[in-house]
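Engineer: Just passing along the structure, written as C-alpha cells.
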Amino acid sequence: MKYYQRLLIRHFLWPKQSDGFLKIINLFSFLGIALGVATLIVVMSVMNGFRHELVEKTLEFNSHVTIYPTTMPFADAPETLGHFKNMSGVKNVIPLRQGEGMASFNGRSYGVLLRAMPWESLVNRTSLVNKNLMGSFQTFDGAQNKIGIGRKLAEKLRVRVGQTMTVTVSNGALTAFGRMPRLDYFEVAFIYESGVLEYDAGVVFLPYKCADKFLDRKGQIDAVEFFLNDPYLAPSMLGVIAEKLQKPFRAVTWAEANKRFFEVVEIERNVMFLILSLIILIASFNIISGLVILVRDKTSSIAILKSMGVSTKSILWIFSMVGTLIGVLGTATGVLLGFVVAFNLESIRQALQRLTGTRLFDQEFYFLAELPVRVDGVQIVYIIAMSLIFSYLASLYPAWRAGKLLPVEGLRHE
C-alpha cells in the first residue's frame, strides 16, 4: 500500500471537523456492524448453550437406549439381564418398572410417572445424588412404602421429607363395574433436583420391590435401560441388543425420545441466526449510503487525484478499503463485545433483575435453572466472515461510482 493511499483512506475514514456529517455516518455504520455482530454472538451462544444443557441433562437423567416388550412383559430381571452381560460399549444395564399415577397430599393432586429400579442403580444416578438432595436413599432399598419426588412436585404438593402422601394407580381389582383404582400411602424418603423441571415436576421413584407389588408386576419388568460409554453410538447398538435378546421388542434411543424437541430447538436456532443476520445486512446499507455521500462530497478531490495520474483501479481500491475497514473495525469490536457479554451474561441478567425487579429468565418455561451460554468457534468464524463479506460488498458500488468519475466532470464547477 502506497503512502498516499494510506493517507487518503485515513482521511476518508475519519474526515476533518468540517465534514462532521460524514464522520457521524461512518460512526453509525461502525456501531451498526459492531452491535449486529455482538447481538448475533450472544444470542447464538445462548441458543447453543440451551441445546447443549438439554442434551447433557437428558443424558444424565434418561437412559441412552430403552427397550420395551412388544407382546408380553419381560421376565424377571436376572433372566432378562443375563442376555446383556459383558456387552461391549455398555456401561450399565438397569431393569425398570414404571407406570402412571396420581400423587396427592392435603387435597392437592398431580399426575406423575412412577419409576422403580434396583437400589444400587438409583444411588448411582449422578443427576439425583449430586443435585441438592434432601433426605436419604438409605431407607429406599426394601419393600417399604417409601417414595422419592422432585423438588418442583414437592413445592406444588407442599410436602416435605418424612411426611406421608398418597399415590393412586389404575390397575386395581377388577369388579363388575370395571377395574378400580389402587391407592396406597407412601412416606417421602428424599426430594431430588435434576435441574430439568420436566422431570422434577413429574417423575416419582418407588422402591423396586415395593413397585412390584403396587404396580402388580408379579416379578416382571416393563423395560430395560442401557447406559453406553458413548451415547451417540446408541443407534448402532440396537442390532447387538436384538441379537442378544432374541425376543420381539421396541427400542427407543435418547435422540428418538426427544427428537421433536431437539428439532424445534434447531429450527429456532437457525431462524434466530437468519433474523439477526439482517441486523448486519442493514448496517451494511449504512456503509453504502455513507460512501455514496462521501463520493458526492469529494467529487472535486477525486477529479484532482485522477488529473494527477491516480488510476481508476487505485480509486476503486481506496474507497472499497474505506468501507471494508469500517466492517473490519466494527466486526472486531462486535466480537470483543459479544464475548464480554456472553461470558458474563448470567451476572448481567441477575443485575438487571435486581435493578428492574422483574424476572428476565423464568425456569418455569425453559426447564433450566440458569441461563446457559456456549460459544461455538466455528459459528463465530461464520459470523465474522459474513460481516466482512457484507461490508466489502457494500463498498463496491460507491467505489465503482468514484472510479468511473471523469476529471472534467469533477472540476466543471470549480
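Engineer: Hey, could you check segment 221-248 for residues that are under 14 Å from L81 (Cα atoms) and part of a strand (DSSP E or B) and say which is nearest to the chain's Cα centre (by Cα)?
Structural biologist: Across segment 221-248, the extreme among qualifying residues is F227.
Engineer: Checking the condition modelled with pLDDT of 85 or more, in the same structural domain as T331 (by TED's automatic domain parsing) and crowded, with 19+ Cβ neighbours inside 10 Å, which residue from I280, I302, I267 passes?
Structural biologist: Of the residues listed, the single one that is modelled with pLDDT of 85 or more, in the same structural domain as T331 (by TED's automatic domain parsing) and crowded, with 19+ Cβ neighbours inside 10 Å is I280.
Engineer: For segment 43-60, enumerate the residues that are among the hydrophobic types (A, V, I, L, M, F, W, C) and surrounded by fewer than 21 Cβ atoms within 10 Å (Cβ to Cβ).
Structural biologist: Scanning segment 43-60 gives V43, V46, F50, L54, V55, L59.
Engineer: The conditions are (1) aromatic (F, W, Y); (2) more than 30 Å from H52 (Cβ to Cβ); (3) assigned to a helix (DSSP H, G or I), and F261 fails exactly one of them. Which is it?
Structural biologist: (2)
Engineer: Would you point out which residue out of E187, E225 is surrounded by fewer than 16 Cβ atoms within 10 Å (Cβ to Cβ) and out of contact with any Phe, Trp or Tyr (no Cβ under 6 Å at 6 or more places or on another chain)?
Structural biologist: Within the list E187, E225, the selection yields E187.
Engineer: Looking only at segment 190-220, how many residues end up being buried (at least 21 other Cβ atoms within 10 Å of the Cβ), within 26 Å of the chain's Cα centre (by Cα) and either in a helix (DSSP H, G or I) or outside the structural domain of G150 (by TED's automatic domain parsing) (or both)?
Structural biologist: Total meeting the criteria: 2.
Engineer: Here is a list: R97, R108. Which entry is free of Cβ contacts under 8 Å to residues at least 60 places away in the same chain and either touching a strand residue (DSSP E or B) at 6+ places or on another chain (Cβ under 9 Å) or over 17 Å from F227 (Cα atoms) (or both)?
Structural biologist: After applying the criteria, what remains is R108.
The values are calculated or read from the model by the stated rules, or taken from the named source; none is laboratory data. These numbers come from a predicted model, not from an experiment. Note that each Cβ is placed from the backbone with ideal geometry, even for glycine, and that neighbours are counted across all protein chains shown.
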